[in-house]
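**Q** Let me begin by handing over the structure; questions about it come next.
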Amino acid sequence: MKTRSIFVNTTLVAIGLLSSSCQDKFLDVDFRATQVESNYYKNPTEVFNGLVAAYDPMGWEGTKSYGNFACLNAASDDCYGGGGSSSDVPFLNSINAFQLDAANGPQIDFWEKGFAGVARTNTILDKLQADVPGLTSAVKSRYVAEAKFLRAYYYFELVRLFRNVPLFTASLPKESIYEVKQATPEAIYAQIEKDLTESLAETNLPDKVPTATEGGRVTRGMAQAVLGKVYLYQKKWADAAKQLADVNGTPGGTNKYGYQLLPKFSDIFRPDNKFSAESIIEIGHTSQAASVFGNTATIEGLVASKMFGPRSYNGLYYYSGWGGCPITPELYSLLKKDPRFDATVADVAALVKDKKGTYLPGYQDTGYFIQKYAPLKTFESKGAGTSAVNYPQNYIEMRLADTYLMEAEALVQSGGNSTRAAALLNAVRARVGLAAVPATLDNTYNERRLELATEGHRFYDLVRTGMATTVLASSGFVAGKHDVLPIPLPELNNTKLVQNPNY
């Protein structure tokens, strides 16, 4: 029988080697070799390479197709699926219309990415239990903290997307791979909390890293921010507020990790402004890897950028894309009078009207596209490889405005410090020149939608707050079913895994 995606072959480990370019950052890896695991991890260099390999799935934008944050945008009320036709980008359109089943949808990509990450972190944690000649205790402690964060990160993604997943905290023997059963969501969350708490307890996990050489590497601020978010998703409001307060510091001011709201909103997403002071979790991408179409997991550029570009476009600012995730008229209307409009919406319809560009309208076209990760001509890859898969922009998965709004929500929900909640909410608004509003749940949720639009958070927010049932009903969303993705069909064959309810 074929070894399945969930169980990365335990006799082999892909070793990611750091690029020599500082601009490529810590998470830009290049697979140049496959080593037999039993003969590896014999010295500090090999252990470090294994750690980098454990980071690598964070940057995967798919495995079989393109299961990335674009799919989460398409699942929300921010965007449609788009593409050339209803079947052109099935990974987007199946989730947009909630026409998902075990065999159809982007779920295999999310599953493989998550469990590849779990397997690799388990491997490095297993190997770090033994003495490695030349590896100092301080460095080892830091590696353990990083690996525990990574395992928690991958499992947080998996439990939010699938809810019912197996739990592995050590490398799995080959003879056991078809006997595995799913754990409860409560058990998964307990392990996530344990890993993050232990990661933070490691004294050698740094508060900051030099972004020129280690941008994207785990810091104490990242671990604490994710722990706060994990508490939020479990409605542990007071715990969430406490953790996030330490990350956020003074609203609109300083904190111990050095995070700051950038003065200019549009600067957050510039491909030449990587790892800014606002960024907490940022996934590195590069144009220097000469990636080509094929195995999506080996692509080092931001494929989502090409997905978001208008089809057959010719004109100012953008290069042509696939027409994916056109912005809904509802979001367009909400943002039209908001100061964040220009940095959020690529108004291609206006360019056409002004005779500054032409494009081929695709499926569900509105004329409005994603600007934050748009394929800008200024940054188009001109080197070796296919430009479509070598766009150099990083994906910012968590930033300070996000943690401000999460803490504000947690404070309101817990009946905590209302003055601080208002200060957090209004610091986000003040950055773009908006007047202060009361710190209510509705105001906080509305601000999250406008501030974080098209960044991949809206669907999760709708599900965790219970709003998806109403907001997404016209798209085909069924409560108790589409709150999570189906378990991929290949994972069900010849195993003891059970499909999620109603699929």
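The values are calculated or read from the model by the stated rules, or taken from the named source; none is laboratory data. Remember, predicted model here, so these are calculated numbers, not experimental data. Cβ: placed from backbone, ideal geometry, glycine included. Neighbour counts: every protein chain shown. For the accessible areas, the whole protein counts, side chains as well, though only heavy atoms, and no ligand, DNA or RNA atoms are used. Shrake-Rupley method; radii C 1.70, N 1.55, O 1.52, S 1.80 Å.
**Q** I'd like to check which helices (runs of 4 or more DSSP H) are fully inside the stretch 97-209 and have at least 3 residues that are of a type in the set (D, E, K, R) and closer than 22 Å to Thr296 by Cβ.
**A** 107-127
**Q** Can I ask one more? What are the pairs with Cβ atoms under 8 angstrom where one residue, in the stretch 464-489, is closer than 12 Å to Leu161 by Cβ and charged (D, E, K, R) and the other, located anywhere, is open to solvent by less than 30 Å² (accessible area, probe 1.4 Å) and modelled with pLDDT of 95 or more? Sequence gap at least six, or different chains.
**A** Close Cβ pairs satisfying both conditions: Asp483/Ala468.
Per-residue answers, yes or no, for (1) open to solvent by less than 50 Å² (accessible area, probe 1.4 Å); (2) touching an Asp or Glu at 6+ places or on another chain (Cβ under 8 Å); (3) not β-branched (Val, Ile, Thr):
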position: Asp347; (1), (2), (3): yes, no, yes
position: Lys356; (1), (2), (3): no, no, yes
position: Gln371; (1), (2), (3): yes, yes, yes
position: Thr378; (1), (2), (3): no, no, no
position: Arg399; (1), (2), (3): yes, yes, yes
position: Gln413; (1), (2), (3): no, no, yes
position: Ala422; (1), (2), (3): yes, no, yes
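**Q** I've got another one for you. What tally of residues in the stretch 230-261 results from selecting those that are surrounded by fewer than 17 Cβ atoms within 10 Å (Cβ to Cβ) and basic (Lys, Arg)?
**A** Qualifying residue count, the stretch 230-261: 2.
**Q** Which count do you get for residues in the stretch 218-261 that are among the polar types (S, T, N, Q) and part of a helix (DSSP H, G or I)?
**A** Filtering the stretch 218-261 for residues among the polar types (S, T, N, Q) gives 219, 224, 234, 243, 248, 250, 254-255, 260.
Next, only the ones that are part of a helix (DSSP H, G or I) stay: 224, 243, 248.
The total comes to 3.
**Q** Condition first: part of a loop (DSSP other than H, G, I, E, B) and closer than 30 Å to Glu202 by Cα. Can you find one or more residues in the stretch 284-304 that meet it? Can you show your working first?
**A** Our first condition is that a residue be part of a loop (DSSP other than H, G, I, E, B); within the stretch 284-304, this holds for 284-295, 299-302.
The next check asks that each one be closer than 30 Å to Glu202 by Cα; those that pass are 284-285.
Yes, the stretch 284-304 has at least one match.
**Q** May I pose another question? Look through Val428, Val432 and report the one residue that is crowded, with 24+ Cβ neighbours inside 10 Å and under 17 Å from Ala453 (Cβ atoms).
**A** One residue alone meets the criteria, Val428.
**Q** Do you know which residues across the stretch 367-424 are out of contact with any strand residue (DSSP E or B) (no Cβ under 9 Å at 6 or more places or on another chain), assigned to a helix (DSSP H, G or I) and within 25 Å of Phe308 (Cα to Cα)?
**A** Thr378, Phe379, Ser387, Val389, Ala401
**Q** Here is a follow-up. Which of the residues that make up the stretch 167-192 are surrounded by 17 or more Cβ atoms within 10 Å (Cβ to Cβ) and either within 21 Å of the chain's Cα centre (by Cα) or on the phi > 0 side of the Ramachandran plot (or both)?
**A** Within the stretch 167-192, Leu167, Ile188, Tyr189, Gln191, Ile192 qualify.
**Q** Continuing with this model, one more query. Residues in the stretch 164-181: is at least one acidic (Asp, Glu) and at pLDDT 95 or above? Steps first, please.
**A** First, pick out the residues of the stretch 164-181 that are acidic (Asp, Glu): 175, 179.
Now drop any that are not at pLDDT 95 or above, which leaves none.
No; the residues of the stretch 164-181 include none that is acidic (Asp, Glu) and at pLDDT 95 or above.
**Q** Touching a helix residue (DSSP H, G or I) at 6+ places or on another chain (Cβ under 6 Å), open to solvent by 10 Å² or more (accessible area, probe 1.4 Å), touching a residue at least 40 places away in the same chain (Cβ under 8 Å) and not hydroxyl-bearing (Ser, Thr, Tyr), is that true of Asn204?
**A** Numbers: touching a helix residue (DSSP H, G or I) at 6+ places or on another chain (Cβ under 6 Å): yes; open to solvent by 10 Å² or more (accessible area, probe 1.4 Å): yes; touching a residue at least 40 places away in the same chain (Cβ under 8 Å): yes; not hydroxyl-bearing (Ser, Thr, Tyr): yes.
Against the criterion (touching a helix residue (DSSP H, G or I) at 6+ places or on another chain (Cβ under 6 Å), open to solvent by 10 Å² or more (accessible area, probe 1.4 Å), touching a residue at least 40 places away in the same chain (Cβ under 8 Å) and not hydroxyl-bearing (Ser, Thr, Tyr)), Asn204 qualifies.
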